[in-house]
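Below: one structure, written as structure tokens.
The values are calculated or read from the model by the stated rules, or taken from the named source; none is laboratory data. These figures come from a predicted structure and were not determined experimentally. Glycine also receives a Cβ, built like all others from the backbone with ideal geometry; neighbour counts cover every protein chain displayed. Accessible surface is based on the protein model in full, side chains and every heavy atom, while ligands, DNA and RNA are left aside. Shrake-Rupley method; radii C 1.70, N 1.55, O 1.52, S 1.80 Å.
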Amino acid sequence: MHVLLTGASSGIGAALARVLSQDGHVLTLVARRQALLDEVAASCVGPTHVLPADLTDPVVVEGLVAAAEALAGPVDILVNNAGIEYVGATATMDPDVGERLIRLNTLTPLRLIRSVLPGMLARGKGQIIDVASAAAYVFPPYGTHYTASKAALAAADHQLRWELRKTPIRVMTVYPGPVRTEMGTRVLGHYRTDPSKGLPWGNADELAQRILHAMKRGDEEIFYPRFYALSRSFARLTRFIMRFIPVELRHDA
Ligand SMILES: NC(=O)c1ccc[n+]([C@@H]2O[C@H](COP(=O)([O-])OP(=O)(O)OC[C@H]3O[C@@H](n4cnc5c(N)ncnc54)[C@H](OP(=O)(O)O)[C@@H]3O)[C@@H](O)[C@H]2O)c1
């Protein structure tokens, strides 16, 4: 199967690239940092292509599926994993930063889904995997745009599953809680005290294995670590409890 995987230069995407390639998939890896993409490709065992691209540019995004298909044939599996976070007070943030974040985390995945779907429907097979976040329900504090971007992606997936219910196309949403990656570490650096203290953290390799397993079963959703499924089941309670957790931003971060 040909997998188009975004955000493959580090963290969850890099781990997933290795796991998918060991499982026999042909990969097209996308991110901005070509040197890192090349390193990840070198650590993969099967045929692996790299397509360096800035996915905040809608023109680039519009041509991405065609570019990937020119390299390795029809895209069977789309993994929308590329994402950025922003931690900061809404009142003082640069609105352009927030809009760029929503473009990368929400609008780009939707545009890529729009690009792959006609081919998947015509071929009668395909899988779409969107890496959202447990932040769709709670956390991280001071993450207004990030939370909005992931909640919107998750909501779009609910809708898409309904729309595609009579087709063989499967849509899976991944809801990671905190995972030790570049992003996970960077986010923590914005707070005076760790708001995730005492809560479980995951690691990218284990999450990648979980995603592969869930893909094979055709699951609709994964929460990882599983503890964060509670963030949905008890979303109102969790938000209530969060009011009492003292979280302060570092002003030098
Ligand atoms: N780590 C966590 O705690 C956590 C929790 C919940 C959800 N997530 C989600 O998991 C996904 C992967 O995050 P991660 O933790 O693995 O973080 P990461 O290591 O920072 O990876 C982010 C990936 O996105 C790519 N990316 C960023 N901006 C891009 C752009 N403009 N164009 C193309 N690619 C771009 C990065 O590559 P380049 O910089 O090379 O472009 C990198 O490959 C994200 O969607 C994130 O929101 C992470």
Hey, any hits in segment 207-218 for a residue that's over 23 Å from residue 170 (Cβ atoms), in a helix (DSSP H, G or I) and within 16 Å of the chain's Cα centre (by Cα)? no
Condition met for residue 170 (over 20 Å from residue 15 (Cα atoms), at pLDDT 95 or above and more than 15 Å from the chain's Cα centre (by Cα)): yes
If only one of 217, 243, 180 is more than 16 Å from the ligand (Cβ to nearest atom) and closer than 22 Å to residue 86 by Cα, which one is it? 243
Among (1) assigned to a helix (DSSP H, G or I); (2) farther than 22 Å from residue 213 by Cβ; (3) modelled with pLDDT of 95 or more, the one test that residue 135 misses: (3)
From the set of residues in segment 205-253 that are in contact (Cβ under 8 Å) with a residue 24 or more places away in the chain and of a type in the set (S, T, N, Q), which is least open to solvent (accessible area, probe 1.4 Å)? 231
Would you confirm, using the coordinates I've provided, whether residue 94 is of a type outside the set (Ser, Thr, Tyr) and either under 19 Å from residue 108 (Cα atoms) or touching a Cys at 6+ places or on another chain (Cβ under 8 Å) (or both)? no
Residue pairs within 9 Å by beta carbon, gap of at least six or interchain, first lying in segment 161-177 and touching a residue at least 12 places away in the same chain (Cβ under 8 Å) and assigned to a helix (DSSP H, G or I), second crowded, with 17+ Cβ neighbours inside 10 Å and basic (Lys, Arg), listed first then second, are 161/170
Inside segment 95-109, can you point out the residues that are open to solvent by 30 Å² or more (accessible area, probe 1.4 Å) and within 14 Å of the ligand (Cβ to nearest atom)? 96, 97, 99, 100, 102, 103, 107
Residue satisfying all of: in segment 142-167; open to solvent by less than 20 Å² (accessible area, probe 1.4 Å) and within 16 Å of the ligand (Cβ to nearest atom); modelled with the lowest pLDDT among these: 143
Could you list all residues from segment 181-204 that are touching a residue at least 12 places away in the same chain (Cβ under 8 Å) and surrounded by 15 or more Cβ atoms within 10 Å (Cβ to Cβ)? 181, 183, 184, 187, 190, 191, 195, 196, 202, 203, 204
Hey, residue 133 hits all of (1) more than 13 Å from the ligand (Cβ to nearest atom); (2) free of Cβ contacts under 8 Å to residues at least 60 places away in the same chain; (3) in contact with a strand residue (DSSP E or B) (Cβ under 9 Å, 6 or more places away or on another chain); (4) among the polar types (S, T, N, Q) but one; which does it fall short on? (1)
Hey, residue 122 hits all of (1) surrounded by 14 or more Cβ atoms within 10 Å (Cβ to Cβ); (2) within 30 Å of residue 166 (Cα to Cα); (3) over 18 Å from the mean Cα position of the chain (by Cα) but one; which does it fall short on? (1)
